[in-house]
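The values are calculated or read from the model by the stated rules, or taken from the named source; none is laboratory data. These numbers were taken from a predicted model, which means no experiment stands behind them. Here the Cβ is made from the backbone with ideal geometry for all residues, glycine too, and neighbour counts use every protein chain on show.
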Amino acid sequence: MGRRDSWKAVGFSAASKSQENDPFKGLEKLITENAVKHIYDTASQKWRKTRIQIKMESEQFVEGCMRRAFKAKTLEGRDSDWSHSTNVVLKEYLDFAPTENYYQDAQCQSLAKYYAEEYNKQKPHKKIDFLFWQLSVVEFQEREFSPCYHCESFIEGDYEKHNSNAGYVNAGSDEAKARTTPHAFSHFTFVKSNYKHIVVDIQGVQDIYTDPCIHTIDGEGYGESNLGLRGIALFFLSHRCNKECKRLCLKEIELHPSEITEEMTMAIQDTIFEMTQKMTVRRRTTGTMPPIEEDNWVPATSSEITAKHEPTSSRVSRIEKLPVSTKEHESHPIASVHYGIADLYCSGWYMDLITEAAIFHLNIAAREYKNLKAMTILGTKLIGQETDELEDLQITKNSESGWQLIQQAALFGDKNCIWKMAQRYHHIERDPRKALQWYTVLYDAGTNTPFIRFHMIISNIADIYFKEHGLGLGQNERLELACDFYRRAADDAKRDGRVRQAAKYSELVEEIYERLE
C-alpha cells in the first residue's frame with residue numbers, strides 16, 4: 001500500500017443528511033452503474049459481498065501523494081430512491097497497484113476498527129472510531145478489466161494527521177492541539193496485540209480516524225506501508241507517553257537521557273516529519289536476523305554416525321555434555337523494539353550516529369531482555385570483532401563481558417555463538433576438552449548452515465584429536481579418532497560439493513595412517 005493520502009475537507013456525513021446541505025448534491029443525475037462491494041469481517045476473517053448501485057463522478061475532487069479521490073453515491077439492493085443514498089469517497093492509486101493491495105487496505109482498516117472498539121471498552125477520556133462504516137472495496141465488474149476502488153464514508157471538517165507510518169508524531173504546541181488519544185491508541189494497539197503489531201498513521205477529524213497503517217514485528221502483511229520493526233521503532237523513538245498512556249498502564253519504552261531532552265525530541269520528530277513529507281517510505285525488514293537457512297542437502301545425523309563408527313562415537317560420548325537449551329529461545333518483543341532503535345541510529349536515517357543512545361538500546365535488548373540477536377552483536381563487538389549489522393557502531397573492547405554474553409547466547413542454543421565458543425577454546429585459550437564440548441553440541445545436532453558447514457565441525461573435532469595431548473587418551477587411540485573423523489569430514493565435504501576440502505581431509509587421513517603404521 002504506500003503513503004496515506006492527506007485529504008483536506010474530509011469528514012463524516014450520514015445518509016440522513018438533508019438534500020439542501022448535501023455536499024454531493026447533483027450526483028444523483030449521473031449514470032447509474034452496478035458494482036459489488038466487498039467488506040472484510042475481522043471476527044470471522046472472511047469477506048462478504050453485496051451488490052450495490054453507484055453514481056460516480058468521472059473527475060477527481062482531490063489528489064494525495066499516492067491516490068486520487070472521487071465523489072460518489074451508493075444504494076444497496078433494489079432501492080431506486082437516491083434520496084436514501086449514502087455519500088462515499090472512492091479512491092484509486094495514482095500508479096498501477098495490484099488488486100490485492102485494495103483488499104489489504106480494507107483488512108488493515110477492519111483490524112484498526114476492532115482495536116478502536118477494544119480501546120473504547122477501556123473507557124478512555126475520549127472514545128474513537130475508524131469511521132462509522134468500514135473501508136470496503138468496490139469492484140466495477142461491468143467495466144473493462146473490473147477495476148477496484150476503496151470506498152469509505154465522506155466526512156467533512158478540519159483534517160489533521162496525528163502520526164505517520166514513518167514514525168512522525170504531531171506533538172502540537174499544547175496538549176489540546178496534540179490530542180492524547182491517537183498517540184495513546186497507537187501505543188495501546190501494540191500492547192493489545194501482544195506486541196505483534198501496531199496501528200499507526202493516525203489521521204482524521206477529531207477522534208474519527210481513517211486510513212491507518214499497520215506495522216508488524218515480522219514485517220509481514222498489510223502492504224508496502226508496513227515498515228516492520230523499523231516502523232515500530234520509529235514510533236516509539238518519537239512517542240512520549242501521555243496521561244492516557246499512563247491511565248491505561250501502558251508500558252513505556254525506556255529512552256536514553258539524550259533522547260528525552262526537548263532539543264533532541266524536536267530534532268527526532270522534525271527528521272521523521274521531513275522523511276514523511278519527502279518520500280514514500282518502503283519497508284526494510286530489520287525485525288530479525290537473516291535466518292540460518294538449512295539447505296536441501298541434509299547431513300548424516302549423529303545416530304547414523306554412531307551406526308557406522310560405533311567405537312568412535314562411544315569415545316566421543318565421554319565428553320561431558322553442556323546444558324545447552326534445545327528449545328527455541330524467545331525474548332520479549334520489546335527487546336526487538338530497542339534493537340530496532342539502535343539500528344535506526346546506525347542505518348543512516350538520522351544525520352548523526354548517536355553512539356551513546358545506540359549502545360543504550362542495544363544493551364537493554366541484550367542484557368535486560370536476553371534478545372539473541374542483540375546478545376550476539378554486542379558480545380561480538382565487545383571481544384573486538386566486527387559485525388555485519390550495526391557495523392558503524394564502535395564499542396570499547398571488554399573481552400570478559402563480551403564472552404559472557406556470547407556464552408549465555410550459546411547456552412540458549414544460538415548456533416553461531418556455540419561455534420564462537422568452540423573456536424575460542426580451540427584457537428584462543430587452547431582448552432581442547434572445552435572446545436570438544438562445544439563442537440559436540442553442533443555435531444550431535446547435525447548442524448549445517450551457510451556459515452557453519454557440517455564437515456567443518458567434524459574436521460575441527462578431528463584436528464583436536466590429531467594435535468592435542470591433554471585428553472587422557474593414548475596416542476594410537478587419539479590418532480584413530482582423528483582418522484575416523486577426517487574420513488567422515490571428507491565424505492561430507494564431497495556430498496557438499498567441496499572437492500578441495502575433501503581432498504585436504506583425505507590427505508590428512510593418509511598422513512595419520514602412516515603414523516599409525
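Overview of results
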quantity: Residue ranges of helices (runs of 4 or more DSSP H) in the stretch 224-281 with at least 2 members modelled with pLDDT under 90 and among the hydrophobic types (A, V, I, L, M, F, W, C); calculated: 228-238, 262-278
quantity: Test: residue in the stretch 451-463 that is outside the structural domain of Ile354 (by TED's automatic domain parsing), surrounded by fewer than 22 Cβ atoms within 10 Å (Cβ to Cβ) and farther than 26 Å from His329 by Cα; calculated: yes
quantity: Some residue of the stretch 345-353 being surrounded by fewer than 18 Cβ atoms within 10 Å (Cβ to Cβ) and among the aliphatic types (A, V, I, L, M); calculated: yes
quantity: Subset of the stretch 88-128 [under 20 Å from Val199 (Cβ atoms), among the charged types (D, E, K, R) and surrounded by fewer than 19 Cβ atoms within 10 Å (Cβ to Cβ)]; calculated: Glu117, Glu118, Lys121, Lys123, Lys126, Lys127
quantity: Qualifying residue in the stretch 89-100 (condition: assigned by TED's automatic domain parsing to the domain that holds Asn34, under 18 Å from His38 (Cα atoms) and at pLDDT below 90); calculated: yes
quantity: Residue list for the stretch 425-443, filter: touching a residue at least 60 places away in the same chain (Cβ under 8 Å), surrounded by 18 or more Cβ atoms within 10 Å (Cβ to Cβ) and not aromatic (Phe, Trp, Tyr); calculated: Leu436, Gln437, Thr440, Val441
quantity: Inter-residue pairs, beta-carbon under 7 Å, first under 8 Å from Ala184 (Cβ atoms) and in the stretch 232-250, second modelled with pLDDT under 90 and surrounded by fewer than 18 Cβ atoms within 10 Å (Cβ to Cβ), 6+ apart; calculated: Glu244/His125
quantity: Enumeration of residues in the stretch 52-82 that are free of Cβ contacts under 8 Å to residues at least 60 places away in the same chain and under 38 Å from the mean Cα position of the chain (by Cα); calculated: Gln60, Phe61, Val62, Glu63, Arg68
quantity: Strands (runs of 3 or more DSSP E) contained entirely in the stretch 105-213, each with at least 2 residues that are at pLDDT below 95, touching a Leu at 6+ places or on another chain (Cβ under 9 Å) and more than 17 Å from His239 (Cβ to Cβ); calculated: 148-153, 208-210
quantity: Residues (in contact (Cβ under 8 Å) with a residue 24 or more places away in the chain and hydrophobic (A, V, I, L, M, F, W, C)) located in the stretch 366-394; calculated: Ala366, Leu372, Ala374, Met375, Leu378, Leu390, Leu393
